Amino acid sequence: MKKLLTILLGTILATSHVMAQDYPKNIVGLRAGFNASWVTSYGVSASAYPSYMVGVSDQVLLSRDQPFYFETGLNFVSKGYKIQGYDDSTTTLNYLQLPVGINYHIYTSKSVTIEPSVGVYYAVGLSGKRKYGANKVSVFEDGSISRHDFGFSCGVGASIHQFHFGVAYEMGFINIDKKDTVYGDSNKIGYKKLKNKSVIITVGVNF
């Protein structure tokens, strides 16, 4: 196994060295995709909420010898979650999101790359609604959910010529719950220590 890993690493480095003169210095792309999001919370079981994202990506080459890239951009991301139980609620949270991270381009051929990535994101809430029964609550405006979110992301992408495909996992660090407008100060199960989670599948094009 150790020998196999050594051979694989040597092949990647050798391929990268051969293609070093071809590394693009800046890659700008458009992205769109499907987002499955949910929350983790003490005492509450949340199911996934299907939504979407659209945005732009910018990758800047960090090294002349190895294809490490600094990646950022700006995305509109719709997140949310469904609660089944006491109130059968559905919450939708729309964010403007800034990702910051590092990726590495593994060249399998001159026009095909595999791109593992890791980073963080900051998001600010633009609009948010919670529906339960006949009631609707604007969760950012009433202060029950924080507009700010920050978290960790990791994923892997693949570029074939100018076309890009990817999948990423996002995990929020911030407790976005500020006050429980549904349960109030009661001891019933409520929205406590909410943290966003997402799996995002994207497609796009690079320029």
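For the reader, a short list of remarks on this structure follows.
- Pair list, Cβ < 6 Å and 6+ apart or interchain, from the stretch 43-61 residues that are modelled with pLDDT of 95 or more to residues that are open to solvent by 30 Å² or more (accessible area, probe 1.4 Å) and not in a strand (DSSP E or B): Leu61/Lys25
- Number of positions in the stretch 56-69 that are touching a Ser or Thr at 6+ places or on another chain (Cβ under 9 Å) and either part of a strand (DSSP E or B) or within 25 Å of Phe34 (Cα to Cα) (or both): 5
- Ile174 meets each of the listed conditions (1) at pLDDT 95 or above; (2) under 22 Å from the mean Cα position of the chain (by Cα); (3) surrounded by fewer than 19 Cβ atoms within 10 Å (Cβ to Cβ) apart from (1).
- Check on Ser89, open to solvent by less than 10 Å² (accessible area, probe 1.4 Å), on the phi < 0 side of the Ramachandran plot and either within 21 Å of the chain's Cα centre (by Cα) or at pLDDT below 95 (or both): yes
- Unique match (being at pLDDT below 95, assigned to a strand (DSSP E or B) and either out of contact with any Ser or Thr (no Cβ under 8 Å at 6 or more places or on another chain) or closer than 20 Å to Gly151 by Cα (or both)) among Thr6, Thr11, Thr72, Thr40: Thr40
- Number of residues in the stretch 101-121 that are open to solvent by 60 Å² or more (accessible area, probe 1.4 Å) and closer than 21 Å to Phe76 by Cα: the value is 2.
- Residue within the stretch 137-144 that is open to solvent by less than 70 Å² (accessible area, probe 1.4 Å), touching an Asp or Glu at 6+ places or on another chain (Cβ under 9 Å) and in contact (Cβ under 8 Å) with a residue 12 or more places away in the chain present: yes
- Residues being open to solvent by 20 Å² or more (accessible area, probe 1.4 Å) and without any contact (Cβ under 8 Å) to a residue 12 or more places away in the chain are represented in the stretch 122-134 by at least one member.
- The residue of the stretch 177-207 that is most open to solvent (accessible area, probe 1.4 Å), among those that are small (Gly, Ala, Ser) and modelled with pLDDT of 90 or more, is Gly204.
- Selection count where residues are open to solvent by less than 60 Å² (accessible area, probe 1.4 Å) and touching a strand residue (DSSP E or B) at 6+ places or on another chain (Cβ under 8 Å), scope the stretch 52-71: 11
- Condition check for Tyr81: of a type outside the set (Val, Ile, Thr), modelled with pLDDT under 95 and in a strand (DSSP E or B): yes
- Any chance Leu74 is within 23 Å of Val167 (Cα to Cα), open to solvent by 70 Å² or more (accessible area, probe 1.4 Å), out of contact with any Cys (no Cβ under 6 Å at 6 or more places or on another chain) and of a type in the set (A, V, I, L, M, F, W, C): yes
The values are calculated or read from the model by the stated rules, or taken from the named source; none is laboratory data. Quick caveat: nothing in here was measured; it's all calculated off a predicted structure. Methodologically, a virtual Cβ is constructed for each residue, glycine included, from the backbone with ideal geometry; neighbour enumeration extends over all protein chains shown. We work out accessible area using only protein heavy atoms, side chains counted, and drop any ligands, DNA or RNA first. Shrake-Rupley method; radii C 1.70, N 1.55, O 1.52, S 1.80 Å.
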